[in-house]
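Derivation of every value follows stated rules applied to the coordinates shown; laboratory data play no part. What you see is a predicted model, and the numbers here were worked out from it, not measured in a lab. All Cβ positions, glycine included, derive from the backbone under ideal geometry; neighbour counts span all protein chains shown.
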Amino acid sequence: MCLQASYAQESSYFVFQQPDYQRDCKEVLNACSSTHHTSGVYLIKPDGYPEPFEVFCDNDLDTGGWTILHRRSVGSVKFNRTWTDFQNGFGFLGSEFWIGNEKIAFLTNQKQYQLRIEFQNVAGEAYYVTYDNFRISDEWGQFSIASLGTYEGTAELEKCVCVGDYMVQDENCIPQNQCSCFVTEKGGVFTDGEIYVSSDCTSRSVCSNNQLIVEESYQCSDHATCGVRDGVRRCYCIDGYEGNGVNCTREAVPKDCQELYVDGSSDGV
């Protein structure tokens with residue numbers, strides 16, 4: 001029988017009760033009938049943990065059975081907290097939360113687990129990483145990472161990133177409010193003289209004297225398309241037209257054989 005909690009803001013009500021609890025969301029998924037294979041809040045009790053507790057189980061990712069340890073997206077829950085808060089957990093399973101280091105320690109030391117981390121940068125680009133043998137130590141070990149295993153994913157490793165309100169500029173981290181040429185869509189800071197065209201070619205930004213100049217009127221000609229060539233995104237005139245992409249004119253066509261011959265584009269007939 002499967003235990004699922006329907007929770008409100010101040011209390012929880014459990015539809016079923018039984019003495020034996022599943023140890024994680026994978027076991028919940030395997031124990032539940034097909035009518036309970038939905039993502040939601042369930043009760044689990046890892047080996048050795050004194051009492052069952054609620055977790056959010058994601059059954060939509062891959063084959064399901066993922067125990068969600070942490071979620072943060074819009075900043076509705078404060079994460080600048082004490083050691084005790086992170087040990088015990090905080091937040092709301094229906095929105096943003098940290099499940100708690102103590103619970104994670106009991107979870108990850110009962111069998112082998114895969115850790116998956118999903119995140120987005122400020123430009124909205126999504127990435128993920130997985131480690132196939134994730135485990136942390138207990139309180140005596142200060143909940144430090146004891147094992148990670150093999151990495152897979154779409155995010156770059158061995159790369160320094162700036163944290164908090166700091167951004168990268170010339171491989172250095174500086175406060176975001178000092179970034180004169182910060183472009184949100186790019187998710188980074190421009191160097192002086194660098195040009196950036198938006199993904200739909202509707203604006204063009206130029207960093208000049210550490211000041212960002214945005215040309216909102218930048219727009220492709222009716223005879224041009226927005227594209228990337230040789231790593232440069234901008235408006236490009238279509239075949240038969242020439243220009244800078246914003247202004248495109250039809251290529252000159254020879255009027256007669258004499259012009260064609262003078263132009264050098266033909267050996268004549």
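Placing pseudo-labels 7 Å out from each Cα toward the beta carbon at Asn30 and Asp138 gives an inter-label distance of 2.5 nm. For the pair Phe92 and Tyr166 in one chain, pulling the backbone fully straight at 0.36 nm per residue adds 23.8 nm over the alpha carbon distance.
First measure r as the distance between the Cβ atoms of His37 and Glu216, then evaluate 1/(1 + (r/R0)^6) with R0 = 51 Å and state the FRET efficiency to the nearest 0.05. Efficiency, from the Cβ-Cβ distance: 0.55. Counting only other residues whose beta carbon sits under 13 Å from that of Gln87, what net charge do I get with K and R as +1, D and E as -1? For residues surrounding Gln87, the net value is -2. Shape call for the stretch 5-153 from the C-alpha gyration tensor, a ≥ b ≥ c root eigenvalues: rounded (a/c under 1.5), prolate (a/b greater than b/c) or oblate? Rounded is the answer for the stretch 5-153, as its axis ratio a/c remains below 1.5.
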